[in-house]
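Visitor: One structure, as structure tokens, below. Some questions next.
The values are calculated or read from the model by the stated rules, or taken from the named source; none is laboratory data. Small disclaimer: the values here were computed from a predicted structure and weren't measured. Backbone-built Cβ (ideal geometry, glycine too); neighbour counts: all protein chains shown. Protein only, heavy atoms only, side chains kept; ligands, DNA and RNA dropped before computing areas. Shrake-Rupley method; radii C 1.70, N 1.55, O 1.52, S 1.80 Å.
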Amino acid sequence: MDFRIMGVDSPLFSTLQQMMDLADDTDKSSFNAPTRTYMRDAKAMAATPADVKEYPSSYVFIIDMPGLNSGDIKVQVEDDNLLVISGERKREEEKEGAKYVRMERRVGKFMRKFVLPENANTDAISAVCHDGVLTVTVEKLPPPEPKKPKKIEVKLA
């Protein structure tokens, strides 16, 4: 609605008109655009392939982590059922006189998130990095015992 067309020329209506024009000029898709943090996390997750195996007593997550120390890798559980494996591979410091001719190895942050099943024991998680391969083992909870029928004594009235 354009207040100028109606012949109203007061500062209040002028301010309202400017606010409405600003709202029309704003690209509405920018409100739905992903945040920079989300994009960074999505790229980090896409570039970190993993294998997941299920054994009778555990779940095993296997991720290649060549050249990383255990201090560069974080394994944690969030919200009681979300396994988060993250870290960062830092670029080597360049020595004087040396320059890269080709750089193909990935540097930067990496992350993977896995929703754990209900029978995962989040108190029994171990992580081992050997020869550049991280293996995270999540033990399973024992299956619940079947409920026994409850006996109700019948009394005579």
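Visitor: Per residue, what accessible area does the range 55-157 have, given a 1.4 Å probe and all protein chains present, in Å²?
Guide: Values: 8480 Å² over 103 residues.
The answer is 82 Å² per residue.
Visitor: Still on this structure: Lysines within cross-link reach of K99: Cα-Cα under 24 Å, excluding same-chain residues under 8 positions apart?
Guide: K99 reaches K90, K109.
Visitor: Turning to a different aspect of this structure: In a shell of Cβ-Cβ distance under 10 Å around I62, excluding I62 itself, what net charge do Lys and Arg (+1) and Asp and Glu (-1) give?
Guide: Overall, the nearby charge balance is -1.
Visitor: What are the residues whose amide H is under 5 Å from the amide H of M65, where those residues sit 5 or more places off or on another chain and H is modelled from the backbone?
Guide: V133, L134
Visitor: Something else now. Taking the Cα atoms of the range 41-151 alone, what are Rg (to one decimal) and Dmax (as a whole number) in Å?
Guide: Calculated on Cα positions, Rg and Dmax stand at 18.8, 85 Å.
Visitor: What's the local net charge at L141, with K and R +1, D and E -1, over the other residues with C-beta under 13 Å away?
Guide: Its environment carries a net charge of -4.
Visitor: Can you tally the net charge around K53? Count Lys and Arg as +1, Asp and Glu as -1, for every other residue whose Cβ sits under 14 Å from the Cβ of K53.
Guide: The answer is -2.
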